[in-house]
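Asks: Would you mind keeping the following structure in view while I ask a few things?
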Amino acid sequence: MDIIHLLPDSVANQIAAGEVIQRPSSCLKELVENSLDAGATRIQVIVRDAGRTLLQVIDNGSGMSATDARMAFERHATSKIQSAADLFSLHTMGFRGEALASICAVAQVTLTTRRETEEVGTLLEIHGSEVIRQEPCQCAVGTNMKVRNLFFNVPARRRFLKTDATELRNLMQDFYRIALVYPRVQFTFVVDDEVVLDLPVGTYKQRIEQIFQRNIRKQFSDQLLDVRVNTQIVNISGFVGRPEAASKGNPQYFFVNGRYMKHPYFHKAVMTAYSGMLQADQVPSYFIYFDIAPQAIDVNIHPTKTEIKFADEQTIFQILLSAVRESLGKFNVTPSLDFNREGDYEITSRSSVPVDAPKISVDRQYNPFKRSDYQPSERNAQVPQNWKMLYERAKTENSGQNQIQTSVQAELELESQPVVKELLWQYDGRYILMPVAGGLMLIDQHRAHLNIMYQVFLLRFSNSQSCTQQLLFPDTLDLSADDAVLLGDLLPDLQALGFDIDRIGPESFVINGVPAELADANGVRVVVEMISEVATIGNAREQWHSRLSLALAQKVAIPYGKQLSADEMADLVGRLFKLTSPALTPDGQKVSVLLDNKTIYSMF
Ligand code: ADP
Ligand code: MG
């Protein structure tokens, strides 16, 4: 006897439903996606008992003809693709034609629908895949899909559902994933007769605000930075949260071609862009929308799975990483410091995106080693761990000392802390940016090095540990009578600095070597400059040492425009803060500026 037979459709659909419709939220997702596919601009969701007794979606979309309404509930019935080839050019949310067949297999469904071109609509009632009635009816244009008593005929599945609170959370979460992609569609979400979400038409940012502001005291969207990059492979747009707004459980969303997705690898790209800015348990919010050719992603995946495969994941990783980095970077360099007041150069943001750049005036009296007395406790709690590398806040807080440290204490701390090179950034070929506990320090690279080298040369007069670079071809120097007298007096000092000079006549000298730091310089010219340096101060010999040291330091100090490696910057900063007076150059110019937290916070 033959024992193999085909399962009746109702049984086959119930089995399939187990895959597609696992819980109320998956049913709701299918219904809302159908409404969007039908071009609806207004969608109302009504839920009762966390979707157990009622899930209803009302839209103003295209509606269905009487025949289509009936067909819609057949397995693999879809208006969205004709052939397998169409799978590769999908622009709709659904395409399998499985959802309605699955839903009607495990629930009591009542549909009313009408097309704009028809006077009369259709009412269709199906319980457990069985058509109860189909008849003409009066109804609005669009579709009203009422799903009652989900899993009424699958007790095992019903028992498997979680508490109402959990199922409702799932419903809301799945709903957010859709609503965040369709800000041009108006949504209302009604739970047990109460409107819990009313989302008017708006921009992407407004939609994010509408959904998430309720959880957060501050304007949520104020904490978001724009991300945008267009490449041949992918277009990426959206928003990332400011690092200081990171906290536990912030919303994080990826979408590809209008569909929510999880992507642990791309998540890593975003998190990498934030490295060094976040505490271990804090996460930034992000809402990132990928726009990519449908052929470059695998959409034909399981309907309830949210992982999506991309053809070129490594490249997209890099694109995403640099796009997010750029956004975070822009936000860091936005301010334009008004150095003009100091009679110095001006920095302006080179950002291509127009930003409101507040002008900050730098306090002339400012002492960068005095800790800011601005310490609002709420803000402080948000300052990420790594930003306080120079001062260990806990130390001062625990010891009960108040916020203001003496400059001596601060300097001692600066001295003893190792510089974390990963936190240093070079800006504009001029400044080293360094996060410190009280804010962000900007250090002038040339002046910092000048300060260091000044000390190096000055020390040579007392410890005579100079290092001379012997010249391959010694230079002869013929001087006027008065300069020859002066150089004669200067010889011991120049020797201490590392010059090797012999007198070969009353007005003639030969330069055999120069300080190692000046190896590339023209020896004759340097010596002539040294002579004119001291000539201007005449016989005030006690000033000669500092004048010579400063002149040499100016020659050898790192110029503006020189790119520095992380190690070079760390070395420079480390040496700077070991000096007894790192804040000002010997000729009184400011070496560093602190943008304190108060100022930074007040810019936003
Ligand atoms: P799919 O969405 O994969 O095509 P579904 O089972 O979800 O499969 O829907 C089957 C068909 O029913 C759709 O292709 C569409 O033609 C029609 N349909 C479903 N919901 C709606 C709706 N809200 N408005 C208009 N047509 C709909
Ligand atoms: Mg569908």
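Asks: Mind checking which residues of segment 22-42 are surrounded by fewer than 24 Cβ atoms within 10 Å (Cβ to Cβ), near ligand 1 (Cβ under 9 Å from one of its atoms) and farther than 21 Å from N149 by Cα?
Replies: L36, D37, A38, G39
Residues checked against (1) outside the structural domain of I126 (by TED's automatic domain parsing); (2) within 16 Å of ligand 2 (Cβ to nearest atom); (3) in contact (Cβ under 8 Å) with a residue 60 or more places away in the chain; (4) among the aliphatic types (A, V, I, L, M):
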residue	(1), (2), (3), (4)
A40	no, yes, yes, yes
I43	no, yes, yes, yes
R48	no, no, yes, no
G51	no, no, yes, no
D68	no, yes, no, no
M71	no, yes, no, yes
T78	no, yes, no, no
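Asks: Any chance you could count how many residues in segment 546-561 are in contact (Cβ under 8 Å) with a residue 60 or more places away in the chain and surrounded by 15 or more Cβ atoms within 10 Å (Cβ to Cβ)? Even if it seems obvious, please write down each step before you answer.
Replies: First pass over segment 546-561, keeping only residues in contact (Cβ under 8 Å) with a residue 60 or more places away in the chain: 546, 548-550, 552-554, 556-561.
Now narrow it down to the ones that are surrounded by 15 or more Cβ atoms within 10 Å (Cβ to Cβ): 546, 548-550, 552-554, 556-558.
Here the count works out to 10.
Asks: Provide a single number: the residues in segment 122-145 that are surrounded by fewer than 17 Cβ atoms within 10 Å (Cβ to Cβ) and under 50 Å from the mean Cα position of the chain (by Cα).
Replies: 2
Asks: Please give the number of the condition S35 fails out of (1) at pLDDT below 95; (2) of a type outside the set (D, E, K, R); (3) over 23 Å from T163 (Cβ atoms); (4) in a helix (DSSP H, G or I).
Replies: (1)
Rundown of residues vs (1) free of Cβ contacts under 8 Å to residues at least 40 places away in the same chain; (2) out of contact with any Pro (no Cβ under 9 Å at 6 or more places or on another chain); (3) closer than 22 Å to T585 by Cα, yes/no style:
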{"residue": "N451", "(1), (2), (3)": "no, no, yes"}
{"residue": "L471", "(1), (2), (3)": "no, yes, no"}
{"residue": "D478", "(1), (2), (3)": "yes, yes, no"}
{"residue": "R503", "(1), (2), (3)": "yes, yes, no"}
{"residue": "V510", "(1), (2), (3)": "yes, no, no"}
{"residue": "P515", "(1), (2), (3)": "no, yes, yes"}
{"residue": "A519", "(1), (2), (3)": "no, yes, no"}
{"residue": "R525", "(1), (2), (3)": "yes, yes, no"}
{"residue": "W544", "(1), (2), (3)": "no, yes, yes"}
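Asks: List the helices (runs of 4 or more DSSP H) inside segment 98-180, counting only whole elements, that have at least 2 residues being within 16 Å of ligand 2 (Cβ to nearest atom).
Replies: Filter on segment 98-180 gives 99-105, 164-179.
Asks: Take the residues in segment 53-84 that are modelled with pLDDT of 95 or more and assigned to a loop (DSSP other than H, G, I, E, B), then tell me which one is farthest from ligand 1 (Cβ to nearest atom).
Replies: The qualifying residue farthest from ligand 1 (Cβ to nearest atom) is T53.
Asks: Also, quick follow-up: Examine segment 87-98 for a residue that is within 22 Å of V185 (Cβ to Cβ), at pLDDT 90 or above, within 11 Å of ligand 1 (Cβ to nearest atom) and of a type in the set (A, V, I, L, M), and state whether such a residue exists.
Replies: No, segment 87-98 contains no residue that is within 22 Å of V185 (Cβ to Cβ), at pLDDT 90 or above, within 11 Å of ligand 1 (Cβ to nearest atom) and of a type in the set (A, V, I, L, M).
Asks: Test N522 against the criterion of being polar (S, T, N, Q) and either closer than 30 Å to E568 by Cβ or modelled with pLDDT under 85 (or both), and give yes or no. Lay out the reasoning, then the answer.
Replies: Details: polar (S, T, N, Q): yes; either closer than 30 Å to E568 by Cβ or modelled with pLDDT under 85 (or both): yes.
When the stated conditions are applied, N522 passes them.
Asks: Sticking with this structure for a sec: Does V527 satisfy the condition of being under 13 Å from K555 (Cα atoms) and in contact with a Leu (Cβ under 7 Å, 6 or more places away or on another chain)?
Replies: Taking the combined requirement at face value, the residue satisfies it.
The values are calculated or read from the model by the stated rules, or taken from the named source; none is laboratory data. Computed from a predicted model, the values in this text were never measured in an experiment. For neighbour counting, all protein chains shown are included, and Cβ atoms are generated from backbone atoms with ideal geometry for every residue, glycine included.
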